[in-house]
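The values are calculated or read from the model by the stated rules, or taken from the named source; none is laboratory data. Note that this is a predicted model, so its numbers are computed, not measured. Virtual Cβ from ideal backbone geometry, glycine too; neighbours counted across all protein chains shown.
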Amino acid sequence: MAGTREPVIVARDVNVHYADKQALFKIALDIPEKEVTSLIGPSGCGKSTFLRCINRMNDLVDSARFEGQITIAGQNIYAPDVDVVALRREVGMVFQKPNPFPKSVYDNVAYGPKIHGLAQSKADLDGLVQWSLEKAGLWDEVRDRLNEPALGLSGGQQQRLCIARTIAVKPKVVLMDEPCSALDPVATARIEDLIDELRQNFSIVIVTHSMQQASRVSQLTAFFHLGKLVEAGRTKNIFTSPQDERTQNYITGRIG
Amino acid sequence: MTSLIGQTPDMRRRRAAETRFQWYGRGAIFASLAFLAFMLWSIISGGLGAFFTTDLMLEVDLGVQNIDPENPAAANYRAIWRDAMKEHFPEVTTRKELRALYGMLGADAEYELEAHVMADPAIAGRKVKLPFRASDEVDMLLKGNIDRASPEDGRPMTDQEIAWVDHFAAAGDIERRFAWSFFTNGDSREPELAGILAALAGSFLTMLVCFCVSFPVAILAAIYLEEFAPKNRLSDLIEVNINNLAAVPSIVFGLLGLYMFLNTFGLPRSSPLAGGLVLSLMTLPTIIIAARASLRAVPPSIREAALGLGATPVQATFHHVAPLALPGILTGTIVGMAQALGETAPLLMIGMVAFIVDVPDSILEPATALPVQIFLWADAPQRAFVEKTSAAIIVLLIFLIIMNLAAILLRRRFEKRF
Amino acid sequence: MIAAGTQTCASDKTDAINLADTKRNRTFETLVMVALASCSMVAILVTAGIVLSLLFEALRFFERVGIEKFLFGLKWSPQTALRADQVAAEGAFGVIPLVTGTLLISFIAMCVAVPLGLLSAVYLSEYAGKTFRDWIKPMLEILAGIPTVVYGFFAALVVAPMLRAGGEQAGLNISSESALAAGIVMGVMIIPLISSLGSDVINAVPQSLRDASLGLGATPAETIRKVILPAAAPGISGAILLGVSRAIGETMIVVMAAGLAANLTANPLEAVTTITAQIVALLTGDQEFDSAKTLSAFALGLLLFAVTLCLNVLALRIVRKYREEYD
Ligand SMILES: Nc1ncnc2c1ncn2[C@@H]1O[C@H](COP(=O)(O)OP(=O)(O)OP(=O)(O)O)[C@@H](O)[C@H]1O
Ligand SMILES: [Mg+2]
């Protein structure tokens, strides 16, 4: 525990079923504030499922059933009086495939602040859009084409736009589900740098299939296997001296 | 050794059967399209004539004894043209013959003459040669639709009338011109005067009502069913209902309209309001089904993106999903409206078969619609109405072609957006 | 460090979040949902409206003319009093001649539509190249887009006289309002329905069946006849049922081309009348309300609705079940 910051997200006894099939078994995990936590594990082990529990995106899946408890800053997000819309404002999400709205670059970033009433004036909004695009490292590339369609950007730019769109509403936590899997190595490197920067302002949870990526960007790593959390800890410990044999096998490439 | 190239008699027989089968298929397609071509050809060739009308040039005496130049409106125009006709054929004297002679011109000859004078008052006081619309029989004769060789009592014109027409023709006093009156007149008992303006206006008002009701309701219903409806008995029931309504015979909707809209709610009979409402009930399922399909085609990633930002489901739908589905919804709407435009039977039930001369001023006034006008004219005894009917069909088909082309273009343009 | 930090102290109070209390306007959302849901209820309302209005008026009709006289009567001649004081015979309201007339015309229509539609579907989905299909399919669809009043006009003014003239040559006496003319034209109108539903059904037959048959050395035609059509039979029968339902409910063609003579005959060369044509005849023109004559139109409508509804439900069910089988 030494050197670990305060946990912002605390998950306890999380079980998730899709219809009759159990996808997560008694997950308990602390996610510290303003650090990057990576979730790794073989395909189908439940990383995305867990991630989507944190902002209750799984509510959209009819067959999904949640048990257990997840708190953010001390509040149980599955409590009956919680408004999922407010939750998702606090817990943003970046998806595997870049999914900008088929609108202009500006409108993509401005949409969140608009619906949440975060900007008092047009100038405010412009400032917020610029701040977000700068944070996402995209400002220099799109400053002249803010009114052009977002779908005209390259894949890597689109993904950074999605990140800018997410941070524009200033969430507490940013969830990323394999944000680089649809990108080439150069774009991936940019996003990794970006994640490292965003750490100063946001708590980040990232799902990745790349061991190198996990070790490069994250401070904490959690290893999932067949719906169970096998091991979690400081990233360098996990990669240098894993406690569990399954972790050992996975990071050396013997399973998964 | 058996041959691989299939020269055995059995193989030959099977190969022949194969060829025959393919020809059956081609034959079926050919037969269907041949029927289509024949139908379109016979309607177009039979209807083009109605876009042209025949004028007889007649010298009328507009001298001061007939027209007071100070007050031309007071003149007896009927007497003027009739005198002119009498003068033209001095040998005609008996009453019966005279009536036939006057019948050579259209029923509105005096109004035509008055219009000529009003348009150019300078002609008053002189003798001038002016064009007059010929009667429908003369028009038919000149278009070759009346057989001169057939026995006299079997055709609508007597030998004498034909001789009068020939007299005009010999003097070069017959002119053909575009029949604007077909587009600017309402219905009439006189074929040469009958036009489709009132029917077009009625169709337009009916379509307007139909669109204003069915479009919003169908979109909202489709959004509910596709985006929000819980999967339960009620949603299933709605779904089954929509699919069935799409296949209910149109005349049943007419009966519903007659009982509900006219007899229960007391909407005015024959009105575009009642007609549009009935048609909107028929169009609803078409638009709902198309709208649901195009909502379903919006990728879920768009919904997730919006919801992930903290948009409410209502916001995600109305800000992002529905606008993306709009081209598809519009396509479905146009197709539905095109169906409604050609629909006849339900309008008969709510009394839109009335004889309508004037353009309706509002959706509450009696009106007719283009397909109903076609139905009415198809039943009229005069030969000239056959031509008019075909022409009205041509106009209707042109509207339908335009609408369907618009739908196709819209679909092409927005097909691959995601 | 699994579950190590149970202490969750929010050190930074300015960062506190509130998940329960939001500014968003829930009444607005509720209103929107109510509006959306009620719009979708319209579908149920329309069906209910149809059933209720038909039933209500039909019941009043059956009070005057017994239901058994209606369903089993062999004579249809709805008379009305010419003068108010006249004691009019109520007329005969036996629906059988109308039913046989409807069935006769529908049968003729299906004799045209089923072979032509199915053969077109088979050729388009099994033999035709892509360009051919891309051109021909929309042209067949045109047939479905032409308003029925146009078919009616064509049947009455072109096909019927042609048949009559042809019949005279062959020494047959064909009525100018023969069932044949209306039936043939109606059949052509239904071809695109059969061929597009048929194409869907044939395309849904798994490729593996096709490959298996062709792999055994069967010719494509043999494969179609012995393998594909039998496999697609349930779906095809669904398509045919929908076609029949369309034929029974078709109005304008029969109103314009089939006439009003309620003959009880199976001879396609004679004039017959149909349920829909009679509904139109009863309700257009001058009508007094509440007479048995006008009410009988609703009874006919009820019969028509019931029959087509059964056909549609059956057909949709067959088609859906068939799809599930191969999905
Ligand atoms: N919508 C769903 N309905 C039913 N089962 C699902 C659904 N989503 C996921 N599952 C199941 O839950 C399990 C975990 O899935 P999840 O997507 O969380 O895995 P993952 O670790 O993200 O895999 P990947 O690395 O391939 O993305 C899998 O067995 C999957 O089949
Ligand atoms: Mg995943």
Could you grab me the full set of residues in segment A:1-51 that are near ligand 1 (Cβ under 9 Å from one of its atoms), among the basic types (Lys, Arg) and touching a residue at least 60 places away in the same chain (Cβ under 8 Å)? A:Lys47
Scanning segment A:25-48 for residues that are crowded, with 23+ Cβ neighbours inside 10 Å and more than 17 Å from A:Thr71 (Cβ to Cβ), the one farthest from ligand 2 (Cβ to nearest atom) turns out to be A:Val36
Can you pull out every residue in segment B:103-121 that is under 17 Å from B:Glu59 (Cβ atoms) and hydrophobic (A, V, I, L, M, F, W, C)? B:Met104, B:Leu105, B:Ala109, B:Leu113, B:Val117
Sole residue being within 21 Å of C:Pro138 (Cα to Cα) and more than 10 Å from chain C (Cβ to nearest Cβ), chosen from B:Leu364, B:Leu397, B:Leu405: B:Leu405
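Which members of segment B:48-75 meet the condition of being under 29 Å from B:Lys388 (Cα atoms) and assigned to a strand (DSSP E or B)?
The answer is B:Phe52, B:Thr53, B:Thr54, B:Asp55, B:Leu56, B:Met57, B:Leu58.
Yes/no per residue for (1) part of a helix (DSSP H, G or I); (2) in contact with a Lys or Arg (Cβ under 9 Å, 6 or more places away or on another chain); (3) within 7 Å of chain C (Cβ to nearest Cβ):
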| residue | (1), (2), (3) |
| --- | --- |
| B:Cys212 | yes, no, no |
| B:Ile219 | yes, no, no |
| B:Ala222 | yes, yes, no |
| B:Val240 | yes, no, no |
| B:Val252 | yes, no, yes |
| B:Leu256 | yes, no, yes |
Just to verify a result, which residue in segment C:122-157, among those that are part of a loop (DSSP other than H, G, I, E, B) and closer than 23 Å to C:Leu229 by Cβ, is farthest from the other protein chains (Cβ to nearest Cβ)? C:Gly129
Going through segment B:12-61 one residue at a time, which ones are closer than 19 Å to C:Pro161 by Cβ and among the β-branched types (Val, Ile, Thr)? B:Ile43, B:Ile44
Does segment A:184-227 hold any residues that are within 16 Å of ligand 1 (Cβ to nearest atom) and of a type in the set (A, V, I, L, M, F, W, C), and which are they? A:Val205, A:Ile206, A:Val207, A:Met211, A:Ala214, A:Ala222, A:Phe223, A:Phe224, A:Leu226
Across segment B:372-399, the tally of residues that are in contact with an Asp or Glu (Cβ under 7 Å, 6 or more places away or on another chain) and part of a helix (DSSP H, G or I) stands at 2
(1) out of contact with any strand residue (DSSP E or B) (no Cβ under 6 Å at 6 or more places or on another chain); (2) more than 14 Å from chain C (Cβ to nearest Cβ) all hold for B:Gly336 apart from (2)
Can you find, within segment A:202-220, the residue that is surrounded by the most Cβ atoms within 10 Å (Cβ to Cβ) among those that are of a type outside the set (Lys, Arg) and more than 24 Å from A:Glu90 (Cβ to Cβ)? A:Ala214
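Looking at B:Arg78, B:Arg99, B:Arg15 in this structure, which one is assigned to a helix (DSSP H, G or I) and within 14 Å of another protein chain (Cβ to nearest Cβ)? Quick ask: steps written out before the conclusion?
Numbers: B:Arg78 fails: within 14 Å of another protein chain (Cβ to nearest Cβ); B:Arg99 fails: within 14 Å of another protein chain (Cβ to nearest Cβ).
None of the others qualify; the one that does is B:Arg15.
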Go through segment A:100-123 and report how many residues are surrounded by fewer than 22 Cβ atoms within 10 Å (Cβ to Cβ) and at the interface with chain B (Cβ under 9 Å from one of its Cβ atoms). 4
When only residues in segment A:179-189 that are aliphatic (A, V, I, L, M) and not in a helix (DSSP H, G or I) count, which is farthest from the other protein chains (Cβ to nearest Cβ)? A:Leu183
May I ask you to verify whether B:Ile402 is in a helix (DSSP H, G or I), on the phi < 0 side of the Ramachandran plot and surrounded by 24 or more Cβ atoms within 10 Å (Cβ to Cβ)? no
Among (1) within 9 Å of chain B (Cβ to nearest Cβ); (2) surrounded by 24 or more Cβ atoms within 10 Å (Cβ to Cβ); (3) at pLDDT below 85, where does C:Glu250 come up short? (3)
Candidates A:Leu60, A:Leu87 - the one that is at the interface with another protein chain (Cβ under 9 Å from one of its Cβ atoms) and within 16 Å of ligand 2 (Cβ to nearest atom): A:Leu60
Hey, B:Pro285 hits all of (1) over 18 Å from the mean Cα position of the chain (by Cα); (2) crowded, with 24+ Cβ neighbours inside 10 Å but one; which does it fall short on? (2)
If B:Asn232 satisfies every condition in (1) surrounded by 15 or more Cβ atoms within 10 Å (Cβ to Cβ); (2) within 14 Å of chain C (Cβ to nearest Cβ) but one, which is the exception? (1)
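Which one of these is more than 17 Å from C:Gly198 (Cβ to Cβ), part of a loop (DSSP other than H, G, I, E, B) and without any contact (Cβ under 8 Å) to a residue 24 or more places away in the chain: C:Leu264, C:Leu309, C:Leu269, C:Leu260?
Answer to the selection: C:Leu260.
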For A:Gly68, indicate whether it is of a type outside the set (A, V, I, L, M, F, W, C), more than 16 Å from ligand 2 (Cβ to nearest atom) and over 26 Å from A:Ala214 (Cβ atoms). no
Boolean, A:Arg199 is of a type in the set (D, E, K, R), away from chain C (no Cβ under 14 Å) and under 12 Å from A:Gly92 (Cβ atoms): no
Selection count, segment A:156-178, where residues are outside any loop (DSSP other than H, G, I, E, B), away from ligand 2 (no atom under 16 Å from the Cβ) and of a type in the set (A, V, I, L, M, F, W, C): 7
Scanning segment A:228-244 for residues that are in a strand (DSSP E or B) and away from ligand 1 (no atom under 16 Å from the Cβ), the one surrounded by the fewest Cβ atoms within 10 Å (Cβ to Cβ) turns out to be A:Arg234
Answer yes or no: is there a residue in segment B:363-372 that is under 21 Å from C:Ala277 (Cα atoms) and out of contact with any Ser or Thr (no Cβ under 7 Å at 6 or more places or on another chain). yes
Answer yes or no as to whether B:Leu56 is more than 14 Å from every other protein chain (Cβ to nearest Cβ) and either of a type in the set (A, V, I, L, M, F, W, C) or in contact (Cβ under 8 Å) with a residue 24 or more places away in the chain (or both). yes
Number of the exception - A:Val16 against (1) touching a strand residue (DSSP E or B) at 6+ places or on another chain (Cβ under 7 Å); (2) within 19 Å of A:Ala232 (Cα to Cα); (3) not hydroxyl-bearing (Ser, Thr, Tyr): (2)
Output yes when any residue across segment C:189-206 is more than 23 Å from the chain's Cα centre (by Cα) and within 26 Å of C:Leu316 (Cβ to Cβ), and no when none is. yes
